[in-house]
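All remarks here apply to the structure that follows.
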Amino acid sequence: MRHDTETSEVDMVVVGAGFAGLYMIHRARQSGLTVQCFEVGEQVGGTWYWNRYPGARVDIECVEYSYSFSKELEQEWDWSERYAGQPEIERYANHVADRFDLRRNIAFNTRVNAAHYDQSSQRWRVTTDSGDNISSRFCIMATGLISAPIEPRFKGLDTFQGEQYLTSRWPSDEPSFEHKRVAVIGTGSSGIQVISEVAKKAGELFVLQRTPAYTIPLQNRPVESGHASKMKRQYEELRQRQFNSFSGFTLVHSDLAPPPSKSALEVSDAERRAEYENRWASGGLSPYYAFTDSLLNIESNRTLADFAREKIRERLDDPAIAEKLCPNYPILTRRLSPETNYLEAFNQPNVELIDLHEQPISHFTTNGIVVGDTEIELDAVIFATGFDVMTGAMDRIDIRGLEGEALKTRWAEGLSSHLGMMTHGFPNLFWINGPHSPFYNPILLAEFQCDYITDLITDMSDDGLDVLEANPTAEREYVQLTNDIGNSTLYPESDNYYMGDNIPGKARATLFWFGGFPFYRKQCRLAREEWSGFQVASGSRRTELAS
Ligand code: N01
């Protein structure tokens with residue numbers, strides 16, 4: 001289908017209508033820019049549109065995992081649960097799109113195939129699978145950090161006659177697993193959530209686990225109206241705390257809590273244990289910040305990992321199964337997985353854990369899957385096998401900058417970015433929540449980065465500038481700092497997607513900024529001083545204003 005986009009020339013193209021894309025449209029319009037957004041899905045919501053599998057649910061409390069830019073929106077919207085399920089978050093995204101009248105700038109069901117920079121006009125030429133060919137001064141990739149699914153590739157899968165599902169591309173017509181023999185492959189956050197739900201329905205459920213995850217009860221519950229009004233009164237303080245925090249999730253027991261101030265090793269055993277018990281009782285991601293050094297010091301980390309393993313063992317009837325579900329790598333270096341009754345599913349007679357280290361997947365047959373030497377007959381298989389994190393979504397678009405250089409080729413040689421938002425040689429192209437962005441609450445990070453980009457554009461206009469790109473020296477320094485910080489943490493101590501390990505052939509590198517949000521903001525602020533972090537130019541001149 002060919003689209004009639006508003007105009008074939010705009011100030012800004014935004015790719016993706018998830019939480020980042022929606023806010024970018026809003027900010028661009030506020031700044032008087034013409035904007036066209038393209039979205040592959042039929043609706044807004046991004047990750048919350050695609051990941052509609054049973055059990056999909058946020059694990060940062062909704063009052064923190066929500067927009068902060070509109071005080072009215074904060075006061076109007078009521079979350080029904082502490083951690084809302086996918087349908088409610090999708091409703092929220094749709095509400096925002098309607099309330100701020102954002103849909104008129106979005107072309108749905110439209111995939112951006114390519115974005116090429118034309119040096120002579122200093123504009124981006126963006127083309128889509130619907131035939132759009134649009135020229136834009138600025139190009140913003142709001143394509144998501146965990147949005148490019150890894151396609152399942154298993155020998156014989158094309159011959160399998162049963163149903164196949166990917167958690168991240170779940171059909172809108174809910175499949176029924178009642179009385180069926182179902183396998184789930186993958187036990188990251190998505191697998192854990194879907195397994196917990198499918199275990200309630202399936203006749204037999206086979207969980208094919210390669211690496212166990214550290215789990216913690218989510219402790220979800222309905223929001224009491226008294227608590228909701230209290231939080232609404234406290235929003236200003238909450239947002240301030242989030243803004244000044246490392247990762248943007250701060251609540252403990254749904255209440256304001258001080259940031260950590262001590263090492264896990266400088267308190268008594270009893271004090272440390274009490275703090276871990278407190279965090280487990282609070283649930284969600286609260287263990288990340290029980291102490292200052294859980295991700296910095298292996299001994300400190302071990303105290304938390306030992307505690308988490310103890311909690312896992314307590315919930316399982318069979319000690320042998322419990323051991324298989326206990327991870328042995330440093331905790332938090334792979335994502336902690338808050339869940340609801342996940343471990344208890346393995347106490348049910350209809351659920352079987354298959355340890356792929358003992359019996360690897362051999363191949364699919366027409367009737368099922370062979371693990372080790374055993375064929376398991378299946379009616380359905382669910383793949384929760386993860387994503388090409390950070391770089392994947394942009395790599396799938398043919399993005400070419402100066403001299404026709406492909407971004408994908410640049411990144412294949414080594415991930416590079418400035419401030420986790422841009423890279424030299426790709427003028428006026430920015431990304432939000434993309435490579436080298438902070439490990440931080442993604443909605444609030446999107447707000448910060450969209451504001452930052454909009455401010456840059458306003459400053460460019462005030463200074464009569466047309467083109468901005470990263471200063472290569474500043475970019476090298478940012479990359480070095482990002483890697484140095486990453487290497488000073490425990491993240492390199494396990495195989496994980498933060499380091500690109502889940503994609504064969506992907507160069508191992510720190511994909512996230514692990515230096516905390518306040519330090520990241522400082523980098524962004526310094527870069528803006530006298531344009532020192534950028535190369536800027538007016539007209540056809542490409543003037544370097546900074547070294
Ligand atoms: O993906 P993952 P995810 N054979 O990469 C396994 C966010 N999220 O979609 O680790 C067998 O974590 C793989 O095994 P291994 C959150 O940030 C948030 O679950 O490679 N297994 C692993 O177990 C999260 O971290 C929420 O050994 C194979 C799994 O598949 C991120 O999204 C909910 C395999 C992939 O796990 C990604 O989570 C959901 C193979 N060939 C997601 N290939 C919440 O807010 C892969 N695996 C709660």
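The values are calculated or read from the model by the stated rules, or taken from the named source; none is laboratory data. Note that the coordinates shown come from a computational prediction; the quantities given were computed from them, not determined experimentally. Backbone-built Cβ (ideal geometry, glycine too); neighbour counts: all protein chains shown.
What the table below lists for this structure:
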quantity	calculated
Within region 368-382, considering residues that are more than 13 Å from the ligand (Cβ to nearest atom) and over 14 Å from Val182 (Cβ atoms), the one surrounded by the fewest Cβ atoms within 10 Å (Cβ to Cβ)	Asp373
Answer from Tyr288, Tyr276 - the residue that is crowded, with 19+ Cβ neighbours inside 10 Å, hydroxyl-bearing (Ser, Thr, Tyr) and more than 25 Å from Pro442 (Cβ to Cβ)	Tyr276
Neighbours by Cβ (under 9 Å, 6+ apart or cross-chain): first from region 151-164, touching a residue at least 60 places away in the same chain (Cβ under 8 Å); second surrounded by 12 or more Cβ atoms within 10 Å (Cβ to Cβ) and in a helix (DSSP H, G or I)	Gln164/Leu157
Residues of region 196-209 classified as within 12 Å of the ligand (Cβ to nearest atom) and either at pLDDT below 95 or more than 20 Å from Glu377 (Cα to Cα) (or both), total	1
Filtered residues of region 166-216 (kept if in a helix (DSSP H, G or I), within 21 Å of Phe154 (Cβ to Cβ) and touching a Gly at 6+ places or on another chain (Cβ under 6 Å))	Val194
Filter result (part of a loop (DSSP other than H, G, I, E, B) and closer than 17 Å to Gly186 by Cα) within region 342-366	Phe346, Leu356, His357, Glu358, Gln359, Pro360
From the options Thr510, Thr482, Thr473, residue that is over 24 Å from Val13 (Cα atoms), in a helix (DSSP H, G or I) and within 22 Å of the chain's Cα centre (by Cα)	Thr482
Number of the exception - Asn433 against (1) touching a strand residue (DSSP E or B) at 6+ places or on another chain (Cβ under 9 Å); (2) part of a loop (DSSP other than H, G, I, E, B); (3) within 22 Å of Ala115 (Cβ to Cβ)	(1)
Every residue from region 156-165 that is of a type in the set (Asp, Glu) and in a helix (DSSP H, G or I)	Asp158
Segments classed as helices (runs of 4 or more DSSP H), wholly inside region 1-103, with at least 1 members that are crowded, with 20+ Cβ neighbours inside 10 Å	19-30, 47-50, 86-99
When residues of region 393-434 are limited to those that are in contact with a helix residue (DSSP H, G or I) (Cβ under 6 Å, 6 or more places away or on another chain) and of a type in the set (S, T, N, Q), the one surrounded by the most Cβ atoms within 10 Å (Cβ to Cβ)	Asn433
Arg334 in a helix (DSSP H, G or I) and of a type outside the set (Phe, Trp, Tyr)	no
Leading residue by the ranking (farthest from the chain's Cα centre (by Cα)) among those in region 168-195 that are hydroxyl-bearing (Ser, Thr, Tyr) and away from the ligand (no atom under 11 Å from the Cβ)	Ser176
Any hit, region 106-118, residues being outside any strand (DSSP E or B) and either in contact with a Gly (Cβ under 8 Å, 6 or more places away or on another chain) or of a type in the set (Phe, Trp, Tyr) (or both)	yes
Residue match in region 343-358 (condition: touching a strand residue (DSSP E or B) at 6+ places or on another chain (Cβ under 6 Å), of a type in the set (Phe, Trp, Tyr) and either in contact (Cβ under 8 Å) with a residue 12 or more places away in the chain or surrounded by fewer than 16 Cβ atoms within 10 Å (Cβ to Cβ) (or both))	yes
Criterion violated by Arg91 - all others in (1) basic (Lys, Arg); (2) outside the structural domain of Leu444 (by TED's automatic domain parsing); (3) more than 23 Å from the chain's Cα centre (by Cα) satisfied	(3)
Every residue from region 31-51 that is within 15 Å of the chain's Cα centre (by Cα) and not hydrophobic (A, V, I, L, M, F, W, C)	Gly45, Gly46, Thr47, Tyr49, Asn51
Residue within region 403-421 that is within 15 Å of the ligand (Cβ to nearest atom), assigned to a loop (DSSP other than H, G, I, E, B) and in contact with a Gly (Cβ under 7 Å, 6 or more places away or on another chain) present	no
Filter result for Gly191 (among the small types (Gly, Ala, Ser), surrounded by fewer than 20 Cβ atoms within 10 Å (Cβ to Cβ) and out of contact with any helix residue (DSSP H, G or I) (no Cβ under 6 Å at 6 or more places or on another chain))	no
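Each row is one residue, and each column tells you yes or no for (1) at pLDDT 95 or above; (2) touching a helix residue (DSSP H, G or I) at 6+ places or on another chain (Cβ under 6 Å).
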site: Asn502; (1), (2): yes, no
site: Phe514; (1), (2): yes, yes
site: Pro518; (1), (2): yes, no
site: Lys522; (1), (2): yes, no
site: Glu529; (1), (2): yes, no
site: Phe534; (1), (2): yes, no
site: Ser538; (1), (2): no, no
site: Thr543; (1), (2): no, no
site: Ser547; (1), (2): no, no
